[in-house]
Every structure is written in structure tokens, then in C-alpha cells.
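Below: one structure, written as C-alpha cells.
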Amino acid sequence: MRAARPMQMLIALLSLTTAVACGAKKPPIARPMPPPVPPTNTAAPSRPPAPPEPVVEPIIVPPEPVRDDAISAASLDDLNRSSPLKAVFYELDSSELSAEGQRILDQNAALLKRYPNWTVTVEGHCDERGTAEYNLALGERRAIAARAYLVSLGIPADRLRTVSYGKEFPFDPGHDEAAFAKNRRAHFVITAK
Amino acid sequence: MTKSIIPGVLAIALLAAWPHAQPPPPPAATQQPSEVEVTISGEGGAAPRLALPEFIALSPDAETAAIAKSVTQVLWDDLNFERELLFIPRDTYATIPRATSFADVPFDRWRELNADGLIVGTVQKVGTTVKVEMRLFNVRSRQSAFARQYDGTAANPRLFAHTMSDEIHKSQRALNGVARSKLTFDSDRDGERMGGTVQNRSIKEIYISDYDGENQRRVTVGKTLNIAPRWSPDGRSIAYTSYRRGGANIFISNIFQGTLDEVTKGDKVGENWLPAWSPDGTRVAFSSTRDGNPEIYVANRDGSNVRRLTNHPGIDITPTWSPSGTQIAFTSDRGGTPQIYVIGADGLNLSKKTSEGYCDRPSWSAAPFNEIAFASRSGPGFDIKVLDLTTGTTHVLTFGEGTNESPAFSPNGRHLVFTSTRSGKAQVFTMARDGKNVRQITRSGNNEKPDWSK
């Protein structure tokens, strides 16, 4: 108690002196200063949580850089052939996004923000180890999981539609784990730009 | 088509087995030779021994002779398919002189062969039509026990035989044969490419065929993915899942009118999959994400009056109706893995029916059997299993010959059609409800998700 009291006194004294100091120089302006809290607000969180920064970064890039003309000039087919939006892969019987899947979707989201006119179909695909029927729903789950993550990163939901092809369109016709792994995916097709 | 003719002893044994097949057959027993697993029932006496000599061509031309030959062979296959009637092997009566009409049948010789019944038929050209006459004689009394006459065109002689077979089964065994029933399935055999995608994707279209795989015909021209067809109870329409609007939707092709109905349409209907007709043909059950998650819905066949049956954040898909139309079986992963559940058509009384590793595509058999067939994961692939709802027992019909999926019962419940990769690509096969008598129906491309007409 005794030790605390001098500390409190000190703090009170310090704040008082700063207030007095400010007030002494520009009495009318000192009061309005506190209201513009928003700027201090952005500054404060930037120190503890780093994550928001990477999301903000892509927006800063100008939407029409000269060297990106190749992408914006390409036809839809050429664009999809080069598939700038990378596919996300899933585990057997699962529609959960892996850490790697989220990383890929982060990149896809950045690209989608850079080209705000793109609308995209998220296709859900499955490997042949599920039944044809149930896979229709599982593929939809995978497409929805990818879409929901993109929406959480700020991509407008109406730019992303989903469709499931179950195991009807395998990317690799093989019957081994390497083929299966390629076929369990959310695949992105740009439908308008 | 290659068809195996069952030895006589085996046919007797199986014939006697049908009424007694319901008591829990140990799964291992189905693998044993049928002569061992079955005891011949004396009830009603031994089965009659029948003979089927080649039909008599009454017109002298080659076409009539060809029709007579074809009708005889198809009738032989049709009658043997049900394994209800016992036929004397044909090579044992090769030496019996052929009759030239119903008047000079050498009954004495047939009697020597111990034939009880004899099917004699004639084929005759009458103008532009073909007249086929058939009589089933009692060899002892030399009386005609059953006789029919058919007039038709030479275009499809198989239809004479199919009709005859169904009528013989009906009159002799009170059995609804399946000779005139049809199959439907999806196929990528034409190798047509899906438009609007840069990937090399083959479209799938809906095909139909006779029950024995003959007369395969394409019935859709969607240039897209058309899958999982289901026959309407009247056999005049096929409901299926089509991507022609981009997402998956329910369509009905009225195959004899050439018209198309859209059951699910509009902006906010989500994905819609796997329609199943109610037994009276007035309603369709299907799975839809219209409320955000795959749930089971029932709508009138024109798409009106949509009602939701399930309400769970898990996946609910692949509905099928009970023969009475009061219940719907479906697949749900609400318990963690996909299993078969049954719910009342009113959405009440949900119950879980399987506890396997992974099940899908329930198919409810017709009366008198009260069974649900489904695909069950076994090792790397799937096998067809059948759950007896009365006893709660499950037995296996396939044993890892490739992966086996998408079973559907024949209208009389005595056979199943299913997809198997046992011969390489996915092909449609049929088998008897005891897993025997497996026949390959398709051979070109991938052919999947079959259904049998009602």
C-alpha cells in the first residue's frame, strides 16, 4: 500500500503535467485532438496481430500494371488453360481445408482482388474411391469450403458460384494414390472477366 | 452377348431354393456350389421338365427361317433367365425329327426323353406382318396347356419372344417375368467433349436397353453431363440429373413424346441431384442444396409443392422409395460416415439401417422381398450388399471383382442391375438376387448408375 501510493501519485502528477503542458501551449486545440481516434486505432492493432497486413497488401497494387496485360488480354480459354487460380486438394472422404489449401486460397484471393471483374466457378471433384452418388455431395462440400474461405477473405460471394462433378471428371484417369490425390480437388474456372 | 446356360440340376436346385431363401443364409454359403447349399423341396412335386425345339418356319423364305431361329433362341434365354422352369439340354433332342406343323409333333419321342412339357411354335409371313403362334403341350396328354398367337413386324423379332416368355412365366409359375423390362444408364461411349471447358472432359448421355442388353439406344442429346437415370413407373419417362443449366438439376425426358420437363428450375434452387420416382409416378424425391446443405426433398413431378424431409447439417443424398410409397431410404453421413437411413415420406420416424464402413445408393426391392440393396465399401472398392429389413440380416452379393456400385432391383425383385469395373472400365451388369448368373450388359465406354424399369 505504501509503495503503491507514491506510484499512483507519480502517474497522476505526470498526466497532470502533460495536460497542463499541452493546455498551456494551445488551450483551444488540445481538446479536439482526442476525437480522431480512428488513426490511432489502425496503428495500435498493427503491432500485436500481424495477419491483417498480407490481406491489405494486394489492394495497394494498382489494378492495371502494364506487365499484367498478358493476363488481362488473354481469352477466357487461354486464361483457364494457364489456370492462374490454383486448385486446392483434399484428403480422402474429407472437405476440410488443409494449411496448404488455405495458403493457395490466399493467393487466389489476392488474384481475385487484383482482377475484380473476374467471376469464377468453383468446381468440386472427388476421386473414384467414393460412390458416384455420395461424391456429388462431397464435391459440393469441397467447393463450398473453398468458396467460404475466399468469401472470408473479402471476395464477394456473388463472384463465386459452386458446382460439384463428383467423380465424373477425373483430372488423372489413373487408379493409384497419386491420381486419386489429384482428383480430390476444388478447381477454379474463370467464367467472365 | 454371351449367356451361360445353367445345367439342369442346378436349375432345379435354385428353383426349389427361392421360397426358402429368406431365412438367414450365412454369407459364406453363397460362395459354395448351389447343389450343396440347397435341398430339393418335394412340395408340389418335382418341377416339370420342358423342351423347346426350334420354331417351325411355315413360310419358305430365308427371313422367316431367321426369325424362327431368333425367336427360339431369345425365348430360350428369356425362360432360362428366371430359372423357374427346368429345360432339358437341347443337344439331347437333336435327333428327334422336327415337326412341320402343330399336327405332326412326335409326342412319343418327347415322352421317351421324359419331357413333361413341350413348347412348339410356328412363324409365318402374312403380307407385311409376321404371325407367330406358340403352344405349350402336355406331352403325356398331348393337350395344349397354353397357347398364344402374336402378330407383329419383322423389325424386332425379339419382342415376340420376350412377350411369350412373360406370358409363359405368368401362366405356369404366376411369376412376373422381366423379359419386356428395360434398363437405363449413363454412358460416355460417344466420346463427345463437354463444351466450355479447357479440360478434356467427356459428356455423358442417358441410354436405354432391353433387359438383356440388346437394342441399346441413346435418349438424351444434352451435350453435357446427364447422369443417374431412373425409369418412371409407367416406363414412358426417365428422370435424371443434368448439368445443362450449369449446375445440377432434375430433368425428365418423356422418351416416347420427345419432350423434356424441368423439375427444378429458378435461381435459388441450388444443386439438385438423383431423382427417384414415387411408386405411383406422381412425385419425385431428390437431394438439393437449395437451403444450403444437401437435404432430401419431395416434389410433384412438375416441380411444384416442394417439401423438405430431412434437416441435418450432414449430407443427405440418394433417396429411393419403398414399394408402398410410405417410406424413403437415403444415404446420410450425419453419424460420421455415409450410412443408409429410412424416413417416412411425411418426414417422420427416421431410423438408421446400416452400420458399415461406407454405404450408398440404397435400392428397395419389390414385394414379396422386403430388402434394400446398397453399395458398401470393402477394401479399395465397393461390393453390393443386401439388407433384409424383416430379419435385419445383411448378405454380400459381390466379392471384390473390381468395384461394384449403384445396385437397382428388377421389377420382380429377383435380379439386380449394377455397375462393375471387373472387366476394366465401368460397365453395367445384371445378376440374380443370390449373386449368381452375372451377365455383362454394356461393353463400350464407361456405363454407370443403372436403373431397371418397373
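About its Cα centre, what dipole magnitude does the range B:196-277 give when the only charges are +1 on Lys and Arg Cβ and -1 on Asp and Glu Cβ, stated in debye to the nearest 20?
About 340 debye.
With unit charges on the beta carbon (Lys/Arg positive, Asp/Glu negative), name the residue among B:Ile206, B:Val342, B:Asn437 whose Cα is farthest towards the positive pole of the charge dipole of chain B.
B:Ile206
Let's see if you can work this out: charge +1 on each Lys and Arg Cβ, -1 on each Asp and Glu Cβ, no other charges. What is the dipole magnitude of chain B about its Cα centre, in debye to the nearest 20?
500
I'd like the mean, over residues of B:262-275, of how many other protein chain beta carbons sit within 10 Å of each residue's own Cβ.
For this peptide, the per-residue mean of nearby foreign Cβ atoms is 2.
What FRET efficiency comes out for the pair A:Ala74/B:Ser444, r = Cβ-Cβ distance, R0 = 45 Å, nearest 0.05?
Taking R0 as 45 Å, the efficiency between A:Ala74 and B:Ser444 is 0.75.
Measuring from label point to label point, each 7 Å out along Cα→Cβ, what is the A:Asp106 to A:Ala179 span in nm?
Result: 3.5 nm between the two label points.
So, in nm, how far is label A:Arg81 from label B:Lys223 when the simple model puts each one 7 Å beyond its Cα toward the Cβ?
Calculated label separation equals 2.1 nm.
Just counting partner chain Cβ atoms within 10 Å, what average do the residues of peptide A:157-169 show around their Cβ?
For peptide A:157-169, the averaged partner shielding equals 4.
Suppose each label sits 7 Å from its Cα in the direction of the beta carbon; what would the A:Ala148-B:Arg308 distance come out to in nanometres?
Taking the two extended label points, one gets 1.6 nm.
Below 19 Å, Cα to Cα, which lysines can B:Lys268 reach? Residues fewer than 8 away in the same chain don't count.
Those lysines meeting the cut-off do not exist here.
Specify whether the C-alpha gyration tensor of chain B places it in the rounded, prolate or oblate class, a ≥ b ≥ c being the square roots of the eigenvalues: rounded for a/c under 1.5, otherwise prolate if a/b is larger than b/c and oblate if not.
Verdict is prolate for chain B.
Which distance in Å, rounded to a whole number, links the C-alpha centroids of the range B:322-342 and the range B:147-193?
The two parts, judged by their Cα centres, are 32 Å apart.
What does the highest-first list of B:439-450, B:175-186 look like by mean Cβ count within 10 Å?
Values: B:439-450: 21.4, B:175-186: 23.3.
Highest-to-lowest ranking by the protection proxy: B:175-186, B:439-450.
Would you please give the FRET efficiency between B:Arg173 and B:Thr282, computed as 1/(1 + (r/R0)^6) with r the Cβ-Cβ distance and R0 = 41 Å, to the nearest 0.05?
Calculated transfer efficiency: 0.80.
Out of every Cα-Cα pair in the range A:71-193, what percent are more than 25 Å apart?
Tail of P(r) above 25 Å: 20 percent of Cα pairs.
Which angle from 0 to 90°, rounded to the nearest 10, does the C-alpha axis of helix B:157-173 make with the longest principal axis of chain B?
Taking Cα atoms only, the helix is inclined about 80 degrees.
Take the alpha carbon gyration tensor of the range B:183-452, find the square roots of its eigenvalues, order them as a ≥ b ≥ c, and report rounded if a/c is under 1.5; if not, report prolate when a/b exceeds b/c, else oblate.
Working: a/c = 1.38, a/b = 1.04, b/c = 1.33.
Rounded shape, in that the Cα axes give a/c under 1.5.
Name the shape class, rounded, prolate or oblate, that the alpha-carbon gyration tensor gives for the range B:127-194, where a ≥ b ≥ c are the square roots of its eigenvalues, rounded holds for a/c under 1.5, and otherwise prolate holds if a/b is larger than b/c and oblate otherwise. List each step's numbers first, then the result.
Working: a/c = 4.68, a/b = 1.93, b/c = 2.42.
The shape class here is oblate.
Any idea which of B:Trp452, B:Ile296, B:Thr419 is furthest toward the positive side of the dipole for the range B:183-452, if Lys and Arg beta-carbons carry +1 and Asp and Glu beta-carbons -1?
B:Thr419
Rounding to the nearest 20 debye, state how big the charge dipole of the range B:48-173 is about its Cα centre with +1 on each Lys and Arg Cβ and -1 on each Asp and Glu Cβ.
240
Which lysines, on any chain, are close to B:Lys69 with Cα under 22 Å apart, when same-chain ones fewer than 8 places away are left out?
Output for B:Lys69: B:Lys3, B:Lys125, B:Lys131.
Every number in this text was worked out from the coordinates using simple rules, so none of it is lab data. What you see is a predicted model, and the numbers here were worked out from it, not measured in a lab. Note that we place each Cβ from the backbone using ideal geometry, even for glycine, and neighbour counts take in every protein chain shown.
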